Amino acid sequence: MRRIAAIGFALVIFSGTLQGCLTSDADAPLIPAEDLEVSPGTLVGAQLQEVEIIASRSMSVHIPYLIIDTASGFVVNGTTLHFSGSGVQSVEMIAPSNIDSAYFLLGQEGRIEWPLRETNQSWEEWFYSPEFNDSPYTHVQVPVARENRSGYSPEEGSLHGTGIIDGLNAFVWLEEFADPDSGYNQRWGPFTLNDPTYMRAANFMQGELQGMGYDSQVHRYWISDFSYAVNVCGYKEGTMFPDEWLVLGAHLDIAEPGSPPGGGAQIGAHDNGAGVALVLEAARGLAQFDHRRTIVVCFWSNEENGYDGVDRWIDNIPAGVTLSNYLNADAVGTNWPGYYTLVVDIIPETDNQLNEQWPMIRLAEWIGSNNNNISEALRLGREIYHTEGYASMKDVDSSDQKRLSISVHESQRGRSDYERIADQLGVVSMDFGSLTGGSDCYHGPCDNLETMIDMMVTDNGTGVQNLVESFDLISWWLFNLAMHLDESPIYDES
């Protein structure tokens with residue numbers, strides 16, 4: 001009979017504390033890798049699939065990926081299987097989206113604690129590190145191959161075009177929404193009682209969320225006698241903690257005429273059509289699963305001129321409802337694998353005391369490096385943040401240095417809707433962003449999809465190819481974060 005024990009994610013994110021924390025099998029012989037077989041022999045990346053774990057002897061096998069727990073029906077964040085003698089157990093797991101191998105860890109039967117890699121270290125680096133020489137387990141490496149999207153070339157994004165969610169789908173959505181003839185441009189409001197462009201976009205977003213299975217609502221909040229804020233939110237009720245909301249969001253409005261420094265945008269592809277596309281794509285994946293907490297997806301109005309949309313929504317949260325965490329995407333996409341830094345801000349930060357939100361930093365790094373080959377980029381990003389600072393990544397165009405970097409850090413400078421949720425509700429919140437003030441097109445007429453594509457051309461890829469990969473990375477990162485935080489929220493400890 002199959003036995004599955006879900007381990008707490010604390011065993012993962014606090015990996016450094018586990019190096020000497022072993023069970024009684026510390027002196028037992030290692031389990032040979034050949035004593036375990038995984039079927040199929042090649043997993044399909046970015047897909048939920050049934051996988052057979054075939055043991056030829058007693059052992060425990062840890063799977064550090066998202067798994068469906070058959071007892072509850074929920075996704076669990078890492079699972080250990082125990083075998084008393086030879087046997088076969090099956091799991092439904094989501095193989096990594098953008099890395100060519102999955103790793104299964106083998107220890108003596110009964111092991112529940114697994115010394116693990118650093119959060120900004122790859123599995124391969126960990127297995128070849130001196131620290132792993134003292135590890136009480138072995139591992140099996142299984143190839144992962146992600147299918148290509150038919151009808152597209154690699155230069156057009158086919159390598160990241162399949163799966164539960166995918167970056168090409170987000171790109172195509174933005175391509176349609178940013179078309180100058182789409183009717184969704186000049187989303188400057190709503191400032192008045194009638195803003196047909198903004199309402200056309202809001203109604204479109206409501207339809208998209210409703211089609212995914214969310215209870216989709218357009219919220220209208222009066223700001224004054226002649227203006228109002230309009231948000232679009234979708235709600236998928238949780239079955240264990242329905243009054244605890246895990247929220248994803250992005251602002252739907254764009255910089256109005258006269259906005260500094262560029263004078264206002266017409267299309268707003270980067271700020272913030274891309275953020276909307278990425279949150280929408282992550283929401284599409286989350287809608288396919290049951291959750292413990294209520295999943296809320298919101299597209300805010302008036303971020304560019306006072307945060308009226310998110311402020312009014314906060315004022316109208318139903319009595320008895322609390323927020324567990326908030327994930328935001330704003331002015332993002334022109335970043336890794338291009339020559340601009342992907343900036344991942346985590347707040348609240350208080351009293352200028354850094355590292356208050358270290359658990360969320362480590363969780364984000366772990367998830368990113370578990371599904372993408374970005375460990376080196378994460379280490380470089382951490383170095384840049386601590387040596388050059390936040391402004392060097394957001395407000396200075398350093399693309400001529402061709403640095404491939406991702407910085408996950410506690411921020412002292414929240415600059416979007418996530419700041420309001422963190423400050424007003426004390427909720428640990430995260431934002432995915434990239435170059436803003438350092439771009440000539442920030443809040444300017446040239447903030448369009450063509451500019452984003454031009455910015456993402458590198459020595460190794462076309463602008464579309466790299467932009468699709470960026471969208472895929474961030475969409476999956478949001479999806480995986482939400483899955484982890486649904487099981488184990490991270491509360492403010494500042």
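The values are calculated or read from the model by the stated rules, or taken from the named source; none is laboratory data. Because the structure is predicted, anything quoted here is derived from the model rather than measured. Ideal geometry is used to build each Cβ from the backbone, glycine not excepted, and the neighbour counts take in all protein chains shown.
Brief remarks follow.
- Residue match in region 258-266 (condition: closer than 19 Å to Phe471 by Cβ and buried (at least 18 other Cβ atoms within 10 Å of the Cβ)): no
- Qualifying residue in region 234-248 (condition: among the hydroxyl-bearing types (Ser, Thr, Tyr), under 21 Å from His219 (Cα atoms) and crowded, with 24+ Cβ neighbours inside 10 Å): no
- Taking (1) closer than 18 Å to Cys441 by Cα; (2) modelled with pLDDT under 95 in turn, Asp308 satisfies each apart from (1).
- Residues of region 141-181 satisfying the condition of being part of a loop (DSSP other than H, G, I, E, B), small (Gly, Ala, Ser) and surrounded by fewer than 15 Cβ atoms within 10 Å (Cβ to Cβ): Ser150, Gly151, Ser153
- Filter result for Gln186 (under 26 Å from the mean Cα position of the chain (by Cα) and modelled with pLDDT of 90 or more): no
- Top-ranked residue of region 75-98 - restricted to ones that are within 20 Å of Leu286 (Cβ to Cβ) and touching an Asp or Glu at 6+ places or on another chain (Cβ under 6 Å), ranked as modelled with the lowest pLDDT: Asn77
- If you filter region 400-427 down to residues that are of a type in the set (S, T, N, Q) and crowded, with 17+ Cβ neighbours inside 10 Å, you find that the one that is nearest to Ser301 (Cα to Cα) is Ser416.
- Of all residues in region 215-232 being part of a strand (DSSP E or B) and among the charged types (D, E, K, R), the one that is modelled with the lowest pLDDT: Arg220
- Residues of region 74-115 that turn out to be over 20 Å from His484 (Cβ atoms) and of a type in the set (Val, Ile, Thr), as a count: 1
- Filter result for Gln186 (touching a residue at least 12 places away in the same chain (Cβ under 8 Å) and surrounded by fewer than 18 Cβ atoms within 10 Å (Cβ to Cβ)): no
- Qualifying residue in region 428-437 (condition: buried (at least 22 other Cβ atoms within 10 Å of the Cβ), assigned to a loop (DSSP other than H, G, I, E, B) and touching a Gly at 6+ places or on another chain (Cβ under 8 Å)): yes
- Phe132 surrounded by fewer than 20 Cβ atoms within 10 Å (Cβ to Cβ), part of a helix (DSSP H, G or I) and either touching an Asp or Glu at 6+ places or on another chain (Cβ under 7 Å) or aromatic (Phe, Trp, Tyr) (or both): yes
- Of the candidates Leu81, Leu116, Leu106, the single residue that is touching a Phe, Trp or Tyr at 6+ places or on another chain (Cβ under 7 Å), buried (at least 19 other Cβ atoms within 10 Å of the Cβ) and touching a residue at least 12 places away in the same chain (Cβ under 8 Å) is Leu106.
- The single residue among Val172, Val232 that is under 20 Å from Asn305 (Cα atoms) and of a type in the set (A, V, I, L, M, F, W, C) turns out to be Val232.
- Region 233-249, residues that are out of contact with any Cys (no Cβ under 7 Å at 6 or more places or on another chain) and closer than 19 Å to Gly211 by Cα: Gly234, Tyr235, Lys236, Glu237, Gly238, Leu248
- Asp179, sole failed condition from (1) charged (D, E, K, R); (2) out of contact with any Leu (no Cβ under 9 Å at 6 or more places or on another chain); (3) farther than 30 Å from His291 by Cβ: (2)
- Every listed requirement among (1) closer than 13 Å to Val140 by Cα; (2) assigned to a strand (DSSP E or B) is met by Gly41 save one, (2).
- Note on region 394-427: residues that are assigned to a helix (DSSP H, G or I), in contact with a Gly (Cβ under 8 Å, 6 or more places away or on another chain) and over 30 Å from Val321 (Cβ atoms) amount to 2.
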